[in-house]
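The values are calculated or read from the model by the stated rules, or taken from the named source; none is laboratory data. Values in this document were obtained by computation on a predicted structure and should not be read as measured data. Note that each Cβ is placed from the backbone with ideal geometry, even for glycine, and that neighbours are counted across all protein chains shown. When the accessible area is computed, the model is the full protein with side chains, heavy atoms only, and any ligands, DNA or RNA have been set aside. Shrake-Rupley method; radii C 1.70, N 1.55, O 1.52, S 1.80 Å.
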Amino acid sequence: SRRQRQMCIRDRHYPAGWYLRNPPESSHTPFSDEGAVIFVKLRQMSSSEDRHVAIDTYDSANWQRVVDRDVCPLYSSESSINNSEQVSLQRLQVDEVLFTDDLLAQTLVGGAELLVVKGSLIEGDQTYLKDSWIRMPVGTLTTIKAGATGATIYIKTGHLAQIIGADVEGLDVL
């Protein structure tokens with residue numbers, strides 16, 4: 001069950017499916033009595049961020065229909081749309097193409113990172129199964145679609161333009 005594998009931080013228990021985002025310089029010691037698999041992305045926040053985020057992604061109230069896709073928004077920076085960080089979980093139907101026009105524009109300008117949470121993604125002859133990690137540099141243009149059982153993905157866009165050496169000056173956005 002979902003509660004059998006939970007992560008604990010101090011006196012708070014987080015069953016499977018929680019998205020946690022802790023500010024830089026915060027201090028915590030996660031543990032689990034039963035054992036748990038967690039995805040950790042260090043240094044994902046700017047030094048100016050001070051907000052702790054905790055979202056239960058199993059709660060349907062945290063999901064919304066965006067065009068024809070179920071999306072669980074996890075984080076959005078407050079900068080302009082062309083240089084903003086967007087983090088979400090997205091559910092793709094069988095053969096559904098990941099990058100819509102808006103998402104494609106964000107990826108071209110700011111890059112993207114993907115984690116396959118459930119199902120699979122297909123890019124040409126390459127299949128990415130559950131737990132696969134994909135990093136798409138600024139300017140990447142590719143067609144990725146959901147596999148035979150669909151896919152649930154963690155996707156973070158718009159943050160790679162800040163990496164030293166990323167040249168986005170001459171990039172045309174659709």
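Odds and ends about this structure:
- Scope region 97-146; condition in a loop (DSSP other than H, G, I, E, B) and at pLDDT 85 or above; matching residues: Leu98, Gly124, Asp125, Lys130, Asp131, Ser132, Thr143, Ile144
- On the stretch given as region 15-36, residues that are outside any loop (DSSP other than H, G, I, E, B) and more than 24 Å from Ser88 (Cα to Cα) total 1.
- Residue pairs whose Cβ atoms lie under 8 Å apart, sitting 6 or more positions apart in sequence or on different chains, and linking a residue in region 47-59 that is within 11 Å of Leu20 (Cβ to Cβ) and touching a residue at least 12 places away in the same chain (Cβ under 8 Å) to a partner that is hydroxyl-bearing (Ser, Thr, Tyr) and loosely packed, with under 12 Cβ neighbours inside 10 Å, are His52/Ser26.
- Members of region 39-96 that are modelled with pLDDT of 90 or more, closer than 20 Å to Lys145 by Cα and not in a strand (DSSP E or B): Gln93, Val94, Asp95, Glu96
- Filter result for Thr149 (of a type outside the set (A, V, I, L, M), modelled with pLDDT of 75 or more and either open to solvent by less than 40 Å² (accessible area, probe 1.4 Å) or in a strand (DSSP E or B) (or both)): yes
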